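J.: Have a look at this one before I ask anything.
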Amino acid sequence: MAAATTTRSFLDSDSFVRVSRFVSRALLYLLLIVMSLWFLAPLFWMFMSSFMPLDQVGVFPVQWIPRVWQPENYTDALQFWNFGITFRNTMFVTIISLIGDIGSCTLVAYGFARFRFPFRDALFLILLATLMLPFAVRLIPVYAAYEAIGWIDTFYPLIVPNFFGNAFYIFICRQFFLGIPQDLLDAAKIDGASEVRIFTQVMIPLAKPAIVVIAILSFQNSWNDFLGPLIYLKDPDLHTLAIGLYKFTSLPGQGGIYNQQMAASTLMVMPVLIVFFLFQKQFIQGANISGLKG
Amino acid sequence: MAQAFGAQLGALRGRRRTRWRDLSPMRKREAKFGLLFITPWIIGVLLFALFPFVASFLLSFTKYNIVAPPKWVGLEHYVHMFTDDPLFVKSLRNTAVYVGGSVVIRIVLGFALALLLNTKVRFLGLWRTLFYLPSVVPIVALSVIWLYVLNARAGLLNSLLYAIGLPRIRWFADPDFAMIAFLIMSTTWVGVTMVIFLAGLQGIPEEYYDAAKIDGANVFQRLRRVTIPLMTPTIYLNVLINIIGAFQVFTQIFIMTGGRPRDATRTYVLHLFDHAFQYLPPQMGYSSALAWILFIIIFVFTAVIVATSQRWVFYQGGETG
């Protein structure tokens, strides 16, 4: 009993509370720092080793600062890998896909959000269900179809599907349209605006936040896509960055040239990181929307 | 989204069918515009979902190598799979290890990081950005980097083990460790899951914690009795997204090991891909059969989770949507 009372008063004492709060805060920040090191060390090493001489890359335990800075790793890597062409191809596919995604998804989402028509809810259920369909199930028939119409070794298979709506982006956009007050539309209708004008001049400007999120998801999707370009693009002049990097690292004799591989990786990662830092908020929002809006 | 799915099902059940001829001229006009707006998706779902869905089912009963027309073989592929393809069983087991491991990692680590960031921490935006960063790096680049992180001789991870006095591990040369190596790699991609959890945590009203504190609940009791029950809708969503994704793990495995060593990292989709695009002649029929089994597995998992969700997912104040 007596012991319990002493602990109690000790726990309640002001200085103890202050010390324990300080310790737990310090622990919290220590934990956050350790975790960020774990997350970022591989990327930091990629960047540093891309400037290292080859023999320094293989030193054990690992070294973090280049003994001499060797920017020629980049030029050497580019001799084997036509960065210019792959970069241009990736930009092309990414931008056209982005236009397709935004155009088709806003249209379809608006249709689902603002009009009543027979079977609307059943169709929307089907739309949500397609999110569950594994890509492996589509892979072979779609490939065979592209083969049959001569689309292998063209960009069409990577671009055209984006003009027909992506279920997830439509979902995001519809949620957003549902949140726009009906009064705004009624006012526009009373002013005699046509359905098409309401869509392009009232809804699209209002939906900008959702469109930015879709644009970022679409950009990431095209830029990072590996499987699509891998099976559809055989001609090296059509390769995208993802395939270029993969082919470069699997070239015979490239197995051990880690400094050049890291230089090549840095070149591919940089544009994504730049876009990420410019649009951080929208990236986080994109991840959020799927969770928040249920 | 899972909630939206349930709500959508509910809405369907409660509604009488609207028939076209019962509609007023105004409603007919509205319906026409609606259908016009969703036309791109209707074409898309027919071409890129329904057609491949049906076609791959039919192809799974044929021998097909793209060049020659498919030849009907009935249930042969399905019988072969379960009786005569030890790699099918092995790839299923490897995939199960990856799904189990990576889903637990994402949920537990993602939740833990979100909890840490939800403690009125300073520079919240900075930490969130740092933890999210690896999730935006293209998977091809991550694979190239992690091949070196996991390098047996001088990699980053072995350097870390060495620094804390542990022996080096021959990650991708050792069948016992190769799959674990992929799980370790997956720990750095919890960013998306973490952000979704964090948004959920920020939505919990402060009063709930205050009330629990007045009742004398300590940190762990508050976590168990307040936070976790209120977070079940978000946990539910994250489990669903991550399970569906983990079953289809492919790119990093294809680039980093291609299934080696001794098929210890041969996952289901890699096995399927090899049959369709690596082996000569291509075995697209068998591959389609594999795809359909995968579809059924994912479907059953999703259905079980959705069906049992009512028992463990709590919605606050009847808010669904």
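The values are calculated or read from the model by the stated rules, or taken from the named source; none is laboratory data. Given the structure is predicted, the values throughout are model-derived calculations rather than measurements. Cβ: placed from backbone, ideal geometry, glycine included. Neighbour counts: every protein chain shown. We work out accessible area using only protein heavy atoms, side chains counted, and drop any ligands, DNA or RNA first. Shrake-Rupley method; radii C 1.70, N 1.55, O 1.52, S 1.80 Å.
J.: What pairs can you find where one residue is in segment A:208-230 and over 23 Å from A:Asn89 (Cβ atoms), the other is assigned to a helix (DSSP H, G or I) and open to solvent by 10 Å² or more (accessible area, probe 1.4 Å), and their Cβ atoms are less than 6 Å apart, with a gap of 6+ or different chains?
T.: Listed pairs, sorted by first residue: A:Ala210/A:Phe176; A:Ile211/A:Ile102; A:Val212/A:Gln282; A:Val213/A:Gln282; A:Val213/A:Gln285.
J.: Quickly run through segment A:193-228 and pick out the residues that are within 11 Å of chain B (Cβ to nearest Cβ), of a type outside the set (A, V, I, L, M, F, W, C) and farther than 28 Å from A:Gln285 by Cα.
T.: Across segment A:193-228, the qualifying residues are A:Ser194, A:Glu195.
J.: Look through B:Leu126, B:Leu160, B:Leu156 and report the one residue that is within 13 Å of chain A (Cβ to nearest Cβ), farther than 23 Å from A:Gly286 by Cα and surrounded by fewer than 17 Cβ atoms within 10 Å (Cβ to Cβ).
T.: When all the criteria are applied, what remains is B:Leu160.
J.: Would you mind stating whether A:Asn89 is over 26 Å from B:Gln248 (Cβ atoms), more than 7 Å from chain B (Cβ to nearest Cβ), of a type in the set (S, T, N, Q) and in contact with a Gly (Cβ under 9 Å, 6 or more places away or on another chain)?
T.: So A:Asn89 does not fit the description; no.
J.: Here's something else I'd like to know. Please enumerate the residues belonging to segment A:75-89 that are open to solvent by less than 70 Å² (accessible area, probe 1.4 Å) and hydroxyl-bearing (Ser, Thr, Tyr).
T.: A:Thr86, the sole residue that qualifies.
J.: Please specify each residue of segment B:184-209 satisfying the condition of being over 30 Å from B:Val137 (Cβ atoms) and either among the acidic types (Asp, Glu) or not in a helix (DSSP H, G or I) (or both).
T.: Passing the criteria: B:Ile204, B:Pro205, B:Glu206, B:Glu207.
J.: Turning to a different aspect of this structure: What's the number of the only condition in (1) within 29 Å of B:Leu157 (Cα to Cα); (2) modelled with pLDDT under 85 that A:Gln79 fails to meet?
T.: Against the list (1) within 29 Å of B:Leu157 (Cα to Cα); (2) modelled with pLDDT under 85, A:Gln79 comes up short only on (1).
J.: Then there's this: Looking at segment A:37-61, which of its residues are touching a Leu at 6+ places or on another chain (Cβ under 7 Å), more than 23 Å from A:Gly244 (Cβ to Cβ) and either open to solvent by less than 20 Å² (accessible area, probe 1.4 Å) or away from every other protein chain (no Cβ under 14 Å) (or both)?
T.: A:Phe39
J.: Which condition breaks for B:Trp146 when tested against (1) at the interface with chain A (Cβ under 9 Å from one of its Cβ atoms); (2) at pLDDT below 90?
T.: Here B:Trp146 meets the rest and fails (2).
J.: Can you find even one residue in segment B:96-117 that is polar (S, T, N, Q) and either in a loop (DSSP other than H, G, I, E, B) or in contact with a Lys or Arg (Cβ under 6 Å, 6 or more places away or on another chain) (or both)?
T.: no
J.: Would you check if B:Ser60 is small (Gly, Ala, Ser), touching a residue at least 24 places away in the same chain (Cβ under 8 Å) and either open to solvent by 30 Å² or more (accessible area, probe 1.4 Å) or more than 8 Å from chain A (Cβ to nearest Cβ) (or both)?
T.: In short, yes.
J.: Mind checking which residues of segment B:130-154 are without any contact (Cβ under 8 Å) to a residue 24 or more places away in the chain and farther than 15 Å from A:Leu217 by Cα?
T.: Once the filter is applied, which keeps residues that are without any contact (Cβ under 8 Å) to a residue 24 or more places away in the chain and farther than 15 Å from A:Leu217 by Cα, segment B:130-154 yields B:Leu130, B:Ala141, B:Ile145, B:Tyr148, B:Asn151, B:Ala152, B:Arg153, B:Ala154.
J.: With small (Gly, Ala, Ser) and more than 29 Å from B:Tyr268 (Cα to Cα) as the only criterion, which of B:Ser143, B:Ser159 stands out?
T.: None of the other options fit; the residue is B:Ser159.
J.: So, one more: Does A:Val160 meet the test of being more than 8 Å from chain B (Cβ to nearest Cβ), aliphatic (A, V, I, L, M) and in a helix (DSSP H, G or I)?
T.: When the stated conditions are applied, A:Val160 passes them.
J.: While we're here: I need the full set of residues from segment A:128-138 which are in a helix (DSSP H, G or I) and within 7 Å of chain B (Cβ to nearest Cβ), in order please.
T.: A:Leu128, A:Thr130, A:Met132, A:Phe135, A:Ala136, A:Val137, A:Arg138
J.: Six or more apart or on different chains, Cβ atoms under 6 Å: show the pairs whose first residue is in segment B:82-101 and within 12 Å of B:Leu272 (Cα to Cα) and of a type in the set (Phe, Trp, Tyr) and whose second is open to solvent by less than 70 Å² (accessible area, probe 1.4 Å) and part of a helix (DSSP H, G or I).
T.: B:Phe88/B:Met81
J.: Still on this structure, please answer the following. Can you list residue pairs whose Cβ atoms sit under 8 Å apart, with the first residue in segment B:197-212 being more than 22 Å from B:Tyr132 (Cα to Cα) and the second being modelled with pLDDT of 85 or more and surrounded by fewer than 16 Cβ atoms within 10 Å (Cβ to Cβ)? Count only pairs 6 or more apart in sequence or on different chains.
T.: B:Ala212/B:Gln221; B:Ala212/B:Arg225
J.: Continuing with this model, one more query. Quick one: would you say B:Thr320 is within 11 Å of chain A (Cβ to nearest Cβ), touching a Phe, Trp or Tyr at 6+ places or on another chain (Cβ under 8 Å), modelled with pLDDT under 90 and farther than 23 Å from A:Asn221 by Cβ?
T.: no
Okay, residues lined up against (1) of a type in the set (A, V, I, L, M); (2) modelled with pLDDT under 90; (3) touching a strand residue (DSSP E or B) at 6+ places or on another chain (Cβ under 9 Å):
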position: B:Ala2; (1), (2), (3): yes, yes, no
position: B:Phe53; (1), (2), (3): no, no, no
position: B:Leu58; (1), (2), (3): yes, no, no
position: B:Arg106; (1), (2), (3): no, no, no
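J.: Among the helices (runs of 4 or more DSSP H) lying completely within segment B:210-281, list those that include at least 2 residues that are out of contact with any strand residue (DSSP E or B) (no Cβ under 8 Å at 6 or more places or on another chain) and surrounded by fewer than 18 Cβ atoms within 10 Å (Cβ to Cβ).
T.: Here the list reads B:219-222, B:228-247.
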